[in-house]
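Single-structure report; data block below.
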Amino acid sequence: MVGPMSRSDVVRAIGLTRSSVGGLVGDLTQHGFVREERAESDGSPGRPSPVVVPESEMNTVLAVEVLVDTVSVALIGLGGEVLDVSRRRRAVGDPSPQRTVGSVADMAAKMIARLDRRARLFQVGCAVTGLVRHDDNRVILAPNLGWADVPFSEMLAERLDLAVPVLVRNDGDMGALAEVRRGVAKGLDNVVYVSGEVGIGGGVVIDGQLMTGRVGFGGEIGHTIVNPDGRSCLCGAIGCWETEIGEDALIRRLVGVEVVDHVDRSAVLESARADAAAGDAAMLAAYAAHGRWVGLGLASLINVFNPDAIVLGGFLAPGFPFMSAAINAELDRRALATVREGTVVRASGLEAGAPLLGAGELAWDGVLADPVAAVEQRRTA
């Protein structure tokens, strides 16, 4: 559900009969998910269709995002409304799962305490930068976090003690889900999302469905090899796309140094964008060099997936205006013209962050698949 809609709009959106929609709305109203309000007349003949309004503040899920530098938590109401959001910088030198779980639980507890006491929290959805096995929600490998075979779902469920399901997925997949549901790729069926954080992840939507692979590891586009003579990657390979367009690579180009371990990343990126916007030639050249490597990888993605759109997220989004010319020039050189035709490259515009919002969508999918069962499960718990 995407917000208030008239019954007539619901009928058109889901393709069921008016009587069927009426029955569904009645069930959802009875179980406290929506309410109906009288619509104001638009002057046309007949009685206006009632407006179905989601009870967002009374029905919530918890969304969690674990990236290399930050941990974020949000309460998301039915209809996609972000009710509360909090972010913390991850502790330097201690990216342990235990510490991460503790941070998430602390932020979540403060949010839940601010909820109306009658509000229901149904599920928890998590976006984690790493390989997540879907059948047991384990983070099998997260090189940039330093994690291997972490039962993150079990750890978080135990610490939160909410008696609700905790689902964990890859952050790139969740970013793609958010973009096609609520972002710049809304309504498109074939989309590639490229998440630019410390590393590079991605999510692929084909014919409206996430391409997750056999056990959930699909879409690791950051670890495609683009430079066999390049740098070593934390995954163990040499020349991954991540080593050429990740945050370290961009900062090296912006500040002109090889070692960036002690650089204030946020300050460098913010300053560089401001200087580039002001026309600084050195910063524009650095972004152009980065854009060429971005375009090289995107050309292969276009040739393989033939998408409607490619969406750039994370630090790639605010840097896109300064890289777009170089990206497009590289696509002109390397992508098959007939395959590229119709494909657009866009920057994400989701302020709360695509992976975080996608984690909320994941949680709501589990509830809306059978809302009556979800209510019963909460009542039993």
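The values are calculated or read from the model by the stated rules, or taken from the named source; none is laboratory data. In this text, all values refer to a predicted model and were calculated from it rather than measured experimentally. We place every Cβ from the backbone using ideal geometry, glycine too, and count neighbours over all the protein chains shown.
Evaluated against (1) surrounded by fewer than 20 Cβ atoms within 10 Å (Cβ to Cβ); (2) outside any loop (DSSP other than H, G, I, E, B); (3) touching a Lys or Arg at 6+ places or on another chain (Cβ under 9 Å), L269 falls short on exactly one condition, (3).
The set of residues from segment 337-365 being closer than 16 Å to L177 by Cβ and assigned to a loop (DSSP other than H, G, I, E, B) comprises S348, G349, L350, A352, G353.
When the residues of segment 80-101 are filtered to those that are touching an Asp or Glu at 6+ places or on another chain (Cβ under 9 Å) and part of a loop (DSSP other than H, G, I, E, B), the one that is modelled with the highest pLDDT is G80.
The condition (being modelled with pLDDT under 95, of a type in the set (A, V, I, L, M) and over 24 Å from V204 (Cα atoms)) is satisfied by just one residue among L145, L156, L162: L162.
Please verify whether A374 is crowded, with 21+ Cβ neighbours inside 10 Å, touching a residue at least 12 places away in the same chain (Cβ under 8 Å) and assigned to a helix (DSSP H, G or I), treating the condition exactly as stated. Yes; evaluated as a whole, the condition is true for this residue. Test D135 against the criterion of being buried (at least 22 other Cβ atoms within 10 Å of the Cβ) and under 30 Å from G236 (Cβ atoms), and give yes or no. Here the answer is no, as D135 does not meet what is asked.
Of all residue pairs spaced 6 or more apart or on separate chains, those with beta-carbon atoms under 9 Å, a first member in segment 205-227 that is acidic (D, E) and a second member that is in a loop (DSSP other than H, G, I, E, B) are D207/D189; D207/N190; E220/G213; E220/C235.
Does V104 count as under 28 Å from G218 (Cα atoms), over 16 Å from the mean Cα position of the chain (by Cα) and either assigned by TED's automatic domain parsing to the domain that holds E376 or not hydroxyl-bearing (S, T, Y) (or both)? Against the criterion (under 28 Å from G218 (Cα atoms), over 16 Å from the mean Cα position of the chain (by Cα) and either assigned by TED's automatic domain parsing to the domain that holds E376 or not hydroxyl-bearing (S, T, Y) (or both)), V104 qualifies.
Criterion first (modelled with pLDDT of 95 or more, over 20 Å from G172 (Cβ atoms) and buried (at least 16 other Cβ atoms within 10 Å of the Cβ)) does L75 satisfy it? Here the answer is yes, as L75 does meet what is asked. Taking the criterion of being at pLDDT 95 or above and of a type in the set (D, E), the only residue of segment 204-228 that qualifies is D207.
Whether a residue is out of contact with any Ser or Thr (no Cβ under 6 Å at 6 or more places or on another chain) and either in contact (Cβ under 8 Å) with a residue 12 or more places away in the chain or outside the structural domain of V64 (by TED's automatic domain parsing) (or both) was assessed, and V311 does not pass this test.
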